[in-house]
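Note sheet for the following structure.
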């Protein structure tokens with residue numbers, strides 16, 4: 001589903017250029033985004049509905065949103081429609097009311113900054129259908145899922161093709177490179193009215209790294225090995241947590257998941273509020289003190305690599321057991 005590709009230096013840049021293409025193509029300006037998703041440090045997307053989480057508005061159709069940095073022009077707020085993830089009914093109602101203003105629906109297929117929350121069955125297809133029916137551009141932000149879930153990313157894994165897609169992170173296996181691509185009629189606007197460029201875009205070092213990374217993915221079972229490592233780690237985590245009388249859920253793809261200390265699996269960012277994230281924070285601090293380095297923020301998933309060994313998993317399990325005991329005491 002990716003006819004043409006352009007390179008960038010970061011996921012932030014890739015998202016920025018994808019939105020520019022969508023707005024140029026539709027001649028509309030607003031974008032629909034989802035709570036708990038992160039699309040880079042670009043002023044036009046740096047808004048959240050979760051500042052002051054204890055006072056979170058219950059309005060699912062028009063939550064109050066805030067910039068998550070100072071220095072962002074207030075006018076950008078008016079261009080964003082923020083909605084809960086995985087709520088097809090709310091999304092459909094809002095699109096029906098506002099389609100004529102909406103240039104793009106921008107979505108992370110898995111919440112890469114909220115514990116790896118997966119899309120409900122059919123949710124991504126609902127986005128695809130609404131975009132087709134209303135001439136809205138579907139942008140899939142695969143900065144975290146691209147070249148991780150599958151060689152074709154989330155589009156292949158979930159069987160839903162976006163109009164535009166963004167990549168970074170796994171694309172260069174640690175080197176600074178990103179890309180955005182998609183359908184020819186959208187991408188061909190570049191050079192025909194839509195600008196794209198940059199001093200370091202397509203530099204030789206990053207291109208060589210990306211080329212080598214993609215060759216390895218194509219020629220080896222690297223991604224299958226990553227997923228297998230993730231499944232083994234998940235099994236070890238379950239064995240440890242079953243020793244304790246605490247509720248938990250492991251949510252996400254084997255290569256990108258998190259531990260939720262909650263009774264029920266999460267479906268949206270608002271579910272994070274109902275989880276025992278303070279207990280997670282204590283466990284994460286214990287892991288770090290014992291040499292295992294997860295992101296200490298309970299909203300950040302565990303990202304698995306091919307180099308993870310059985311010994312690493314065993315040491316992680318031991319550290320987890322000790323950390324949970326310490327947190328409970």
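The values are calculated or read from the model by the stated rules, or taken from the named source; none is laboratory data. Keep in mind it's a predicted model, so treat the numbers as computed, not measured. Virtual Cβ from ideal backbone geometry, glycine too; neighbours counted across all protein chains shown.
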ask   = Taking the condition outside the structural domain of residue 292 (by TED's automatic domain parsing), surrounded by 19 or more Cβ atoms within 10 Å (Cβ to Cβ), closer than 30 Å to residue 99 by Cα and modelled with pLDDT of 95 or more, does residue 147 pass?
value = no
task = Please verify whether the range 173-185 includes one or more residues that are closer than 17 Å to residue 256 by Cβ and in contact (Cβ under 8 Å) with a residue 12 or more places away in the chain.
result = yes
ask   = What single numbered condition from (1) part of a loop (DSSP other than H, G, I, E, B); (2) without any contact (Cβ under 8 Å) to a residue 60 or more places away in the chain; (3) touching a helix residue (DSSP H, G or I) at 6+ places or on another chain (Cβ under 8 Å) fails to hold for residue 307?
value = (3)
request  = Would you mind telling me which numbered condition in (1) surrounded by 22 or more Cβ atoms within 10 Å (Cβ to Cβ); (2) out of contact with any strand residue (DSSP E or B) (no Cβ under 9 Å at 6 or more places or on another chain) residue 152 fails?
outcome  = (1)
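Check 243, 223, 214 and return the single one that is surrounded by fewer than 18 Cβ atoms within 10 Å (Cβ to Cβ), under 21 Å from the mean Cα position of the chain (by Cα), at pLDDT 95 or above and more than 20 Å from residue 281 (Cβ to Cβ).
So the residue among 243, 223, 214 that is surrounded by fewer than 18 Cβ atoms within 10 Å (Cβ to Cβ), under 21 Å from the mean Cα position of the chain (by Cα), at pLDDT 95 or above and more than 20 Å from residue 281 (Cβ to Cβ) is 214.
Conditions (1) assigned to a strand (DSSP E or B); (2) at pLDDT 95 or above, marked per residue:
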{"site": "31", "(1), (2)": "yes, yes"}
{"site": "41", "(1), (2)": "no, yes"}
{"site": "57", "(1), (2)": "no, no"}
{"site": "63", "(1), (2)": "no, no"}
{"site": "85", "(1), (2)": "no, yes"}
{"site": "97", "(1), (2)": "no, yes"}
query = Only one of (1) over 27 Å from residue 311 (Cβ atoms); (2) surrounded by 12 or more Cβ atoms within 10 Å (Cβ to Cβ); (3) assigned by TED's automatic domain parsing to the domain that holds residue 15; (4) over 18 Å from the mean Cα position of the chain (by Cα) fails for residue 180. Which number is that?
reply = (4)
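So is residue 207 part of a helix (DSSP H, G or I), surrounded by fewer than 16 Cβ atoms within 10 Å (Cβ to Cβ) and modelled with pLDDT of 95 or more or not?
On the way: part of a helix (DSSP H, G or I): yes; surrounded by fewer than 16 Cβ atoms within 10 Å (Cβ to Cβ): yes; modelled with pLDDT of 95 or more: yes.
When the stated conditions are applied, residue 207 passes them.
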request  = Exactly one condition in (1) under 16 Å from residue 8 (Cα atoms); (2) within 23 Å of the chain's Cα centre (by Cα); (3) crowded, with 16+ Cβ neighbours inside 10 Å is not met by residue 194; state its number.
outcome  = (2)
message = Filter the range 226-235 down to the residues that are over 17 Å from residue 153 (Cα atoms) and either touching a residue at least 24 places away in the same chain (Cβ under 8 Å) or surrounded by fewer than 18 Cβ atoms within 10 Å (Cβ to Cβ) (or both) and list them by number.
response = 229, 231, 232, 233, 235
inquiry  = Please count how many residues of the range 148-172 are out of contact with any helix residue (DSSP H, G or I) (no Cβ under 7 Å at 6 or more places or on another chain), under 30 Å from residue 27 (Cα atoms) and without any contact (Cβ under 8 Å) to a residue 60 or more places away in the chain.
reply    = 5
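To keep it simple, each residue is scored yes or no on (1) in contact with a helix residue (DSSP H, G or I) (Cβ under 6 Å, 6 or more places away or on another chain); (2) in a helix (DSSP H, G or I); (3) surrounded by 24 or more Cβ atoms within 10 Å (Cβ to Cβ).
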position: 103; (1), (2), (3): yes, no, yes
position: 121; (1), (2), (3): no, no, no
position: 133; (1), (2), (3): no, yes, no
position: 174; (1), (2), (3): no, no, no
